[in-house]
Amino acid sequence: MRLALSLVYLLACCPALADSAHPPGHRTTHGGAPKPIGTFGQWQAATHREGDAVTCFVFTRAEATPQHIPGRGDVVLSVTRRPKSHDVAALSAGFLLSGHEDATLQAGSTKMLFYIAGRSAFARDNAAAIAAFGHEGSVAAKLPGPRGIPAIDHFSLKGFAGAYAALAKVCPAPAATASTP
C-alpha cells in the first residue's frame, strides 16, 4: 500500500514524470493509479497509463539531504520511458530551482550535468547518466539552492540495474527509425 501511495504522490508532484506534451503542473488523471513492477534495492519500478500508452519509470528518494530547506518536498531521482521516446533521467528537487547554472550529479568519477526547469533538473546526456547509474554506489547531486547556498543530496544506486532491467522488460526501448538516403 505504501508503494502505491508513493507512486501516486510521485506522479502528481514530479514534473519529470508528467506528460511532456502538457504544461508543467498538469496532472494526468485519465490513466488511473500507477502499477508497481517491483522494488529493487533502493529503487522502485512502476508503470502508468497515459491514454492508450504505457509509461514506465524507476525512481528512488534521497537517502541523505544535509541541508534543511523550509517547505522542501520529496527529492526524487528518476528515469522515465515513454513509447516512441528516449529515456529521460531527472531529479525532482522538492523546491523551485533558480539560477542559470546546471545542477551537477557525481557518480563515482563520472560527473553529469543536468539543466534546470522549474522544480526539476534533467540530464543533458540521458544515456551517459543512465550508464553511470548502472554502477553500484551512490550519486551526489549539487543543486543551486535558496539564498545562494547549494543543496547537496545523496542517492543510493543499489538496485538501479535491476529496476532498469525490469522497466526494459515491461516497456522495451522503441526501435530506431531507419533514415532513407
Query raised in the report: What residues have an amide H closer than 5 Å to that of residue 50, excluding those fewer than 5 places away on the same chain, when H is modeled at 1.01 Å from N in the peptide plane?
Result: 55
Report task. Determine, for 56, 171, the number of other Cβ atoms within 10 Å of each Cβ, and report the residues in order from fewest to most. Result -> 171, 56
Query raised in the report: Given 0.36 nm per residue, what is the gain on full extension from residue 110 to residue 67 after removing their alpha carbon distance, in nm?
Result: 13.1 nm
Report task. Could you rank the peptides 139-150, 71-82 by their average count of other C-beta atoms within 10 Å per residue, with the highest value first? Result -> 71-82, 139-150
Report summary line: If R0 = 30 Å, then residue 53 and residue 142, at their Cβ-Cβ distance, give a FRET efficiency to the nearest 0.05 of 0.30
**Report entry** For the stretch 149-165, 3J(HN,Hα) per residue [Karplus equation, 6.51 cos²θ - 1.76 cosθ + 1.60, θ = phi - 60°, Hz, x = Gly/Pro]
**Finding:** 9, x, 9, 10, 10, 10, 10, 7, 9, 4, x, 4, 4, x, 5, 5, 5
Query raised in the report: Each label point is 7 Å from the Cα along the Cα-to-Cβ direction; what then is the distance between the points at residue 127 and residue 154, in nm?
Result: 3.2 nm
Report task. Rounding to the nearest 20 debye, state how big the charge dipole of the stretch 52-157 is about its Cα centre with +1 on each Lys and Arg Cβ and -1 on each Asp and Glu Cβ. Result -> 180 debye
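A short reminder: the numbers here are calculations on the coordinates, not readings from a lab. Computed from a predicted model, the values in this text were never measured in an experiment. Every residue, glycine among them, receives a Cβ derived from its backbone with ideal geometry; neighbour counts consider all protein chains shown.
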